[in-house]
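Encoded as structure tokens, the structure appears first; notes follow it.
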């Protein structure tokens, strides 16, 4: 099955109104990226303004609460993200799992809340260096995925992002064999969880120090359907070459 590639940027806790020109440039480049979907997940404070600066372009959030509303100070609901103009949201990023103690069950509840709205969802998974070196990476990640997906998830609106924690922002990238092994294992686990047809519709993204120099090699690996990009998504100069790599073009 041929899946349309997705290149999603995660600005994390970066960006103010002064940086929206970068989003505009990225959105303009995305218009010519045939066969590739592009999105930017920005801080909640920028969603409305980013949507204004990039008409017709996919802007997303970086987290969502499982509840529709209520006494959850500092949190944001799916309806709020929709109201701000977001069309996609990231859940379960390792930085939230580690820094905020989010469990896979909590991630599944967030993903379900988002899928019950109009939002597409990127569910993140990944292993630490200790787990990788102990030889438990595949089991750890596939167990994480199985527990992080809501039942009967809409595969057409679901992506999974595999990010080895030890490669996020470190300049280290998993080798092609490691990436291929993990993405194939994730696809197999998705088939167990969702059924084979649905599993084949889910896009599996790679994340972890993806850049314009290594993106083409990564995108050529079986079951790699795009990328979730952190630091390199903050500027058009670094992010656009990754988009071009997904289309098969060079800059």
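Quick rundown of the values:
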{"item": "Condition met for residue 75 (closer than 16 Å to residue 123 by Cα and assigned to a loop (DSSP other than H, G, I, E, B))", "result": "no"}
{"item": "Residue check for residue 189: under 19 Å from residue 147 (Cα atoms), in contact with a helix residue (DSSP H, G or I) (Cβ under 7 Å, 6 or more places away or on another chain) and either surrounded by fewer than 17 Cβ atoms within 10 Å (Cβ to Cβ) or at pLDDT 95 or above (or both)", "result": "yes"}
{"item": "Qualifying residue in segment 232-248 (condition: within 22 Å of residue 25 (Cβ to Cβ), in contact with a strand residue (DSSP E or B) (Cβ under 8 Å, 6 or more places away or on another chain) and surrounded by fewer than 18 Cβ atoms within 10 Å (Cβ to Cβ))", "result": "yes"}
{"item": "Conditions (1) closer than 20 Å to residue 162 by Cβ; (2) assigned to a strand (DSSP E or B): number failed by residue 59", "result": "(1)"}
{"item": "Criterion: touching a helix residue (DSSP H, G or I) at 6+ places or on another chain (Cβ under 6 Å) and closer than 23 Å to residue 89 by Cβ - qualifying residue of 227, 245, 216, 198", "result": "198"}
{"item": "Yes/no for residue 120 being crowded, with 18+ Cβ neighbours inside 10 Å, modelled with pLDDT of 95 or more and touching a helix residue (DSSP H, G or I) at 6+ places or on another chain (Cβ under 9 Å)", "result": "yes"}
{"item": "Which numbered condition residue 18 misses (of (1) over 17 Å from the mean Cα position of the chain (by Cα); (2) touching a residue at least 12 places away in the same chain (Cβ under 8 Å); (3) surrounded by fewer than 21 Cβ atoms within 10 Å (Cβ to Cβ))", "result": "(2)"}
{"item": "Checklist (1) more than 20 Å from residue 9 (Cβ to Cβ); (2) in contact (Cβ under 8 Å) with a residue 12 or more places away in the chain; (3) in a helix (DSSP H, G or I) applied to residue 83, failing item", "result": "(2)"}
{"item": "Selection count where residues are touching a helix residue (DSSP H, G or I) at 6+ places or on another chain (Cβ under 7 Å) and either assigned to a helix (DSSP H, G or I) or farther than 17 Å from residue 218 by Cα (or both), scope segment 1-24", "result": "9"}
{"item": "Residues of segment 191-218 classified as in contact with a strand residue (DSSP E or B) (Cβ under 7 Å, 6 or more places away or on another chain) and within 20 Å of residue 138 (Cα to Cα), total", "result": "7"}
{"item": "Matching residues in segment 86-117 - criterion: being part of a loop (DSSP other than H, G, I, E, B), buried (at least 19 other Cβ atoms within 10 Å of the Cβ), in contact with a strand residue (DSSP E or B) (Cβ under 8 Å, 6 or more places away or on another chain) and on the phi < 0 side of the Ramachandran plot", "result": "86, 93"}
{"item": "Considering residues of segment 124-150 that are assigned to a loop (DSSP other than H, G, I, E, B) and free of Cβ contacts under 8 Å to residues at least 12 places away in the same chain only, the residue nearest to residue 196 (Cα to Cα)", "result": "136"}
{"item": "Some residue of segment 132-154 being surrounded by 20 or more Cβ atoms within 10 Å (Cβ to Cβ) and farther than 27 Å from residue 4 by Cβ", "result": "yes"}
{"item": "Whichever residue in segment 25-47 is assigned to a helix (DSSP H, G or I) and under 20 Å from the mean Cα position of the chain (by Cα) and, among such residues, is nearest to residue 200 (Cα to Cα)", "result": "30"}
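The values are calculated or read from the model by the stated rules, or taken from the named source; none is laboratory data. On a predicted model such as this, the values are computed, not experimentally measured, just so you know. Cβ coordinates were reconstructed from backbone atoms using ideal geometry, including for glycine residues, and neighbour counts include every protein chain displayed.
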